[in-house]
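The values are calculated or read from the model by the stated rules, or taken from the named source; none is laboratory data. Treat the numbers as computed from the prediction; the structure is a model and nothing was measured. Cβ placement follows ideal geometry from the backbone for every residue including glycine, while neighbour counts extend to all protein chains displayed.
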Amino acid sequence: MADDDKTEDPTAKRQQESREKGQLGKSQDLNSAIIVALAVLFLYYYGSSIVNMHLVAGAKIFGEFSRIDINEQNIVSQTYDSIFFVSEAMMPFFLILFIAAIVSNVSQIGLLLTFKTITPDFSKLDPIKGLKNKFSLKTVVMGFMNVTKVMLFAIVSYLVIDSFYVEIFRMTGQDVRKSMMVFSHTFFLLSFYIILIMLILALTDFAYQKWQNLQSMKMTKQEVKDEMKNYDGDPKIKQKRRQIQLQMSRQRMMKDVKDADVVITNPTHLSVALKYEEATMRAPIVVAKGADLLALKIREIAKTHSIPLVENKALARALYKDVEVGEPVPQNLFKAVAEILAYVYNLKGKKRVASR
C-alpha cells in the first residue's frame, strides 16, 4: 500500500506487535550522551583517586621488582598483581558505565526482553530494498545529524583549546603536577561543552526517532477496520465475553429474587419470579427466570426469603418463553398474573389488589 494511504494512528495491537519485534523509537545518541556524561562526571570526582591508586600500585610493583629475582615465576606473579590492582581501581568506573547503559535504554523504551532484533532477517539482503533505504528520509536526517555533530565538536574543541593556548604552550618545562592541572581543567571544560552539545542533539534525535517510529506504524482505514473485525470476530473472545455477561446477568438476577413478590413454577423445570409495585409500575415485571438447575436455585432463594411459590404450568411456560428478565408482563398474561398476585397478597394479609 502507498504510504499516503496510511493516515490512521496505530492501534494498541499494532503498537504491541511492533514493541515485541523490537521496533522502537529510541536514540543511540542519547545512550552515548548519558554514558559519556556519567563517565566524565565520575572521573571529575574520583579521577584523582584512581590515579593515586595506580601510582601506589606502580610504586609497589616496581619496588618489588627491585627486591626480587627476575625469573619467569616472579614476572607472572607480578603481572597478576598488576592486573588485580588495575581492575580494582577501574571496576567502579566500568560499573558506572554498565549501569548508565541499562538506565539510558530503560528510560527510553522501558523494560523489554526480546530476541527478534538479533534474529537473522534475510529480507535485508534485498539489494533493491537496501538501495531504497540508502536514500530514505531517515538516512538523510541521520547523515545531517552526523555532519552537524562533527562540525560542532570541531568548533567547540578549537574555541576551548584556543582559550587555553598560552597555558598549554607554557606546560613545556613546567612541573608535572601543574601541567596535569592545566590538562585536566582543559579536558573537563571541553568535555562539558561536548556533552552539552551531545545531549541537545540526542534529545532532538530521540524526538525524531519517536516520530519516525510512529509514522512507520501508521495504518490505512481498511487495516484498522480489518483489525477490529478480526478482534471482534475471534470466537474465543466472543465466547469469553458471553460467559462474563451471562455470569454477571445471573448474579444480578439471583440478587433480585429476594425482592420478588411471587415465584411461578412449572413446578420443577421452570421458575419465574415476579415483582409488582403499584406506585411505580404499570405492570408486574419479571425479575428472574430459569430452567432446571437455575429454576431450582430460584426456588431455594425464594424459600429462604419466605417468597410464595405458586404452581401454574401454562403461565410459567408462557412467561419463560415470551418475557425477558426486566420486561413487564404482556397484556395477554396480565389477568392470570393479577389473580396470582391477589392470591399472594391475601395470603400475606395485604389489602392491595393487583390491577392495571
Single match in Lys258, Lys275 (criterion: over 17 Å from Ala336 (Cα atoms) and not small (Gly, Ala, Ser)): Lys258
Every pair of residues 6+ apart whose Cβ atoms lie under 7 Å, when the first sits in region 17-43 and is in the same structural domain as Leu95 (by TED's automatic domain parsing) and part of a helix (DSSP H, G or I) while the second is surrounded by fewer than 17 Cβ atoms within 10 Å (Cβ to Cβ) and among the hydroxyl-bearing types (Ser, Thr, Tyr): Glu20/Thr114
Scan of region 78-96 for residues that are surrounded by 13 or more Cβ atoms within 10 Å (Cβ to Cβ) and among the charged types (D, E, K, R), ordered by number: Asp81
Residue count for region 183-200, restricted to those that are farther than 14 Å from Ser163 by Cβ and surrounded by 16 or more Cβ atoms within 10 Å (Cβ to Cβ): 6
The one condition in (1) modelled with pLDDT under 80; (2) under 29 Å from Phe187 (Cα atoms); (3) out of contact with any Phe, Trp or Tyr (no Cβ under 8 Å at 6 or more places or on another chain) that Ala33 fails to fulfil: (1)
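Okay, residues lined up against (1) hydrophobic (A, V, I, L, M, F, W, C); (2) in contact with a Leu (Cβ under 7 Å, 6 or more places away or on another chain); (3) part of a helix (DSSP H, G or I):
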| site | (1), (2), (3) |
| --- | --- |
| Met248 | yes, no, yes |
| Ala260 | yes, yes, no |
| Val263 | yes, yes, no |
| Glu277 | no, no, no |
| Ala283 | yes, no, no |
| Gly290 | no, no, no |
| Ala318 | yes, yes, yes |
| Asn332 | no, no, yes |
| Lys335 | no, no, yes |
Any hit, region 258-279, residues being surrounded by 13 or more Cβ atoms within 10 Å (Cβ to Cβ) and without any contact (Cβ under 8 Å) to a residue 12 or more places away in the chain: no
